[in-house]
Amino acid sequence: MHQDIEEILITKEEIQERVKKLADELREEYTNLQPLCICVLKGAVPFMADLTRAMDISLEMDFMAVSSYGASTQSSGVVRIIKDLEASVEGRHVLIVEDIIDSGLTLSYLIDLLKARNAKSVKVVTLLDKPERRKTNLSPDYFGFSIPNKFIVGYGMDYAEKYRNLPYIGVLKEELYRS
Ligand code: PRP
Ligand code: MN
Ligand code: MG
């Protein structure tokens, strides 16, 4: 285990098992629909890679980077597009792939945007859901694990851009972010 990690919340094996099950459900829904899977950079990269391979159907991938900014550490719900999609979503079945839903502000903005661009359907799959922190009434169509309000990193999730490559999801030692 990495020295900065207090405890492992979800092991590599638990992630892989859950991702397979989600992929099975998504295969049912999206076979023959040629979905456009949209990875929200950067956190969703490992989940996107594992999930889409496990889905094992014909699909397309695109990538989007957004940043929410506002007063202090709290997100204002104002989202800025850092990197837009290359594909047109018009008439497409879109699946947004996220690593975690926290306040839900990033996703509710994205969903509205993709609907405004005339996607045929817009659904959300997230590996993790932190419902305690929600500030919108958004709930994911598919989620892997519902988790408590702890400071977690790994499997795409960062603290100051570190730890994204950990193969498990761990709780960060408190002394590293309290100062
Ligand atoms: C994190 C996470 C989600 C978003 C969730 O991304 O990966 O995309 O925040 O927060 P919300 O539900 O409160 O909007 P972040 O903005 O840290 O960017 P990153 O993926 O590049 O780390
Ligand atoms: Mn993110
Ligand atoms: Mg981040």
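What follows is calculated from the coordinates using simple rules that are stated; it is not laboratory data. What you see is a predicted model; the values in this text were computed from it and never measured. Cβ coordinates were reconstructed from backbone atoms using ideal geometry, including for glycine residues, and neighbour counts include every protein chain displayed.
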Check: Say a site is exposed when it is one of the GluC sites (Glu not before Pro), sits in a DSSP loop, and has at most 16 other Cβ atoms within 10 Å; what is then the longest site-free stretch of the chain?
Finding: 1-85
Next item on the list: Per DSSP H run of n ≥ 4, the term is -39500 (n - 2.57); total these for the chain, divide by its residue number, and report the mean residue ellipticity at 222 nm rounded to 500 deg cm²/dmol.
Entry: -7500 deg cm²/dmol
Checklist line | C-alpha center-to-center spacing [the stretch 127-163, the stretch 15-59] in angstrom | finding: 17
Margin query: Looking only at the chain, where both bridge partners belong to it, what percent of the DSSP beta bridges are antiparallel (to the nearest 5)?
Written below: 35
Check: In degrees between 0 and 90, to the nearest 10, how far off the longest principal axis of the chain does helix 45-55 point, with axes built from Cα atoms?
Finding: 50
Checklist line | FRET efficiency, LYS120 to ILE81 (Cβ-Cβ, R0 22 Å, nearest 0.05) | finding: 0.55
Next item on the list: Run the numbers on the stretch 50-179 and let me know its relative contact order in percent, using alpha-carbon pairs under 8 Å that are six or more apart.
Entry: 16
Item checked: Rough spin-label spacing in nm, given labels placed 7 Å along Cα→Cβ, for ASP56 and SER139 -> 3.1
Margin query: Could you check the spin-label model distance between GLU6 and LEU41? Points 7 Å from the Cα along Cα→Cβ, value in nm.
Written below: 3.2
Notebook entry, point to check: Excluding same-chain residues fewer than 8 positions from LYS162, which aspartates and glutamates have a Cα within less than 12 Å of its Cα?
Noted result: ASP4
Note to self: Students often forget the sequence filter, so: which lysines lie under 19 Å Cα-Cα from LYS115 once same-chain residues fewer than 8 apart are removed?
What the structure shows: LYS83, LYS123
Margin query: Tell me the net charge near GLU175. Cut-off is 14 Å between Cβ atoms, GLU175 excluded, with +1 for each Lys or Arg and -1 for each Asp or Glu.
Written below: -1
Item checked: Contour minus Cα-Cα distance for SER179 and PHE151 (0.36 nm per residue) -> 8.6 nm
Item checked: the stretch 89-179: trypsin sites (Lys or Arg not before Pro) falling in loop per DSSP and having at most 16 other Cβ within 10 Å -> ARG117, LYS120, ARG134, LYS135, LYS150, LYS173, ARG178
